[in-house]
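Peer 1: So that we are looking at the same thing, I have put the structure below in structure tokens.
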Ligand code: AMP
């Protein structure tokens, strides 16, 4: 993808907890395109306590989706930055039909070709993954208490910061997020197929994050 081929927008697609964020971070080893996560962007606004953050805080903490126009504007603005020249890795966007349609137009304007990678993960696995998820608030590294625990309980391996749990990773909110995924986001799989967007299925559990990343890197660098 960095070898003179068309510039691509890699859409990491999958339910909450399917490993999109983890894979986006691992992808940096083979592809230098920036990681654009709408969830991270929205959390940064909440952290900053600005107007947009105040607007979305309650909706996010309830596990619902924030309004389409708002995320569409965030992504459009982000894609105007120079670092998207090589392409972009989209994580958590699009999540609704309206977002997918807007993204199609935005990518067309920017000369970016979409490629979808669907990370498939079973629901029971997702609940256990998300409720065991911890994150370093400083460097963003993700841990899982069962599959990928930090060396010292509750502390980031990289910088010693106290790990945190996302407020929307409680079981009730996880179920709400999965419901939103089922009703609003999963139907996009059919939309991508119909629109003829190149589409790859990757088993998001079997081989562990590193092996999954190697597969995705192969798809990306060999023109996938
Ligand atoms: P994530 O970090 O991708 O799991 O997103 C966390 C939360 O941010 C979601 O549960 C939504 O409330 C909100 N969010 C993130 N991306 C979107 C999006 N594309 N559309 C609507 N809401 C979003």
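Peer 1: Please list, ordered by residue number, the strands (runs of 3 or more DSSP E) wholly in the stretch 68-138 having 2 or more residues that are in contact with a helix residue (DSSP H, G or I) (Cβ under 7 Å, 6 or more places away or on another chain) and at pLDDT 90 or above.
Peer 2: Passing ranges, in order: 87-91, 113-120.
Peer 1: Against the condition under 29 Å from residue 105 (Cβ atoms) and out of contact with any strand residue (DSSP E or B) (no Cβ under 6 Å at 6 or more places or on another chain), how does residue 145 come out, does it pass?
Peer 2: So residue 145 fails the test.
Peer 1: Consider only pairs whose beta carbons are under 6 Å apart and that are at least six residues apart or on different chains; among these, list those whose first residue lies in the stretch 38-57 and is outside any helix (DSSP H, G or I) and whose second residue is more than 8 Å from the ligand (Cβ to nearest atom) and modelled with pLDDT under 95.
Peer 2: Once the first residue is outside any helix (DSSP H, G or I) and sits in the stretch 38-57, no partner that is more than 8 Å from the ligand (Cβ to nearest atom) and modelled with pLDDT under 95 comes close enough.
Peer 1: Report whether or not residue 210 is more than 14 Å from the ligand (Cβ to nearest atom) and in contact with a helix residue (DSSP H, G or I) (Cβ under 9 Å, 6 or more places away or on another chain).
Peer 2: Yes.
Peer 1: Let me ask something additional. Please determine whether any residue of the stretch 7-21 is part of a helix (DSSP H, G or I), within 23 Å of residue 191 (Cβ to Cβ), near the ligand (Cβ under 10 Å from one of its atoms) and touching a helix residue (DSSP H, G or I) at 6+ places or on another chain (Cβ under 7 Å).
Peer 2: Within the stretch 7-21, none of the residues are part of a helix (DSSP H, G or I), within 23 Å of residue 191 (Cβ to Cβ), near the ligand (Cβ under 10 Å from one of its atoms) and touching a helix residue (DSSP H, G or I) at 6+ places or on another chain (Cβ under 7 Å).
Peer 1: Let me ask something else about it. Return only the number of the condition from (1) surrounded by 14 or more Cβ atoms within 10 Å (Cβ to Cβ); (2) within 15 Å of the ligand (Cβ to nearest atom); (3) assigned to a helix (DSSP H, G or I) that residue 27 does not satisfy.
Peer 2: Of everything listed in (1) surrounded by 14 or more Cβ atoms within 10 Å (Cβ to Cβ); (2) within 15 Å of the ligand (Cβ to nearest atom); (3) assigned to a helix (DSSP H, G or I), residue 27 misses just condition (2).
This table checks each residue for (1) within 13 Å of the ligand (Cβ to nearest atom); (2) free of Cβ contacts under 8 Å to residues at least 12 places away in the same chain.
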site: 60; (1), (2): yes, no
site: 66; (1), (2): yes, no
site: 69; (1), (2): yes, yes
site: 92; (1), (2): yes, no
site: 96; (1), (2): yes, no
site: 109; (1), (2): no, yes
site: 116; (1), (2): no, no
site: 119; (1), (2): yes, no
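Peer 1: Take the residues of the stretch 84-100 that are more than 18 Å from residue 14 (Cα to Cα) and under 18 Å from the mean Cα position of the chain (by Cα): which is surrounded by the most Cβ atoms within 10 Å (Cβ to Cβ)?
Peer 2: 87
Peer 1: Within the stretch 157-202, which residues are in contact with a strand residue (DSSP E or B) (Cβ under 6 Å, 6 or more places away or on another chain), part of a loop (DSSP other than H, G, I, E, B) and farther than 25 Å from residue 143 by Cα?
Peer 2: Within the stretch 157-202, 197, 198 meet the criteria.
Peer 1: Residues 78, 129, 134: which one is in contact (Cβ under 8 Å) with a residue 24 or more places away in the chain, touching a strand residue (DSSP E or B) at 6+ places or on another chain (Cβ under 9 Å) and away from the ligand (no atom under 13 Å from the Cβ)?
Peer 2: Residue meeting the stated conditions: 134.
Peer 1: Regarding residue 48, is this residue within 9 Å of the ligand (Cβ to nearest atom) and over 22 Å from residue 26 (Cα atoms)? Steps first, please.
Peer 2: Values: within 9 Å of the ligand (Cβ to nearest atom): no; over 22 Å from residue 26 (Cα atoms): yes.
No: the conditions fail for residue 48.
The values are calculated or read from the model by the stated rules, or taken from the named source; none is laboratory data. This is a predicted model, so every value here is computed, not measured. Every residue, glycine as well, gets a Cβ built from its backbone with ideal geometry; the counts of neighbours run over all protein chains shown.
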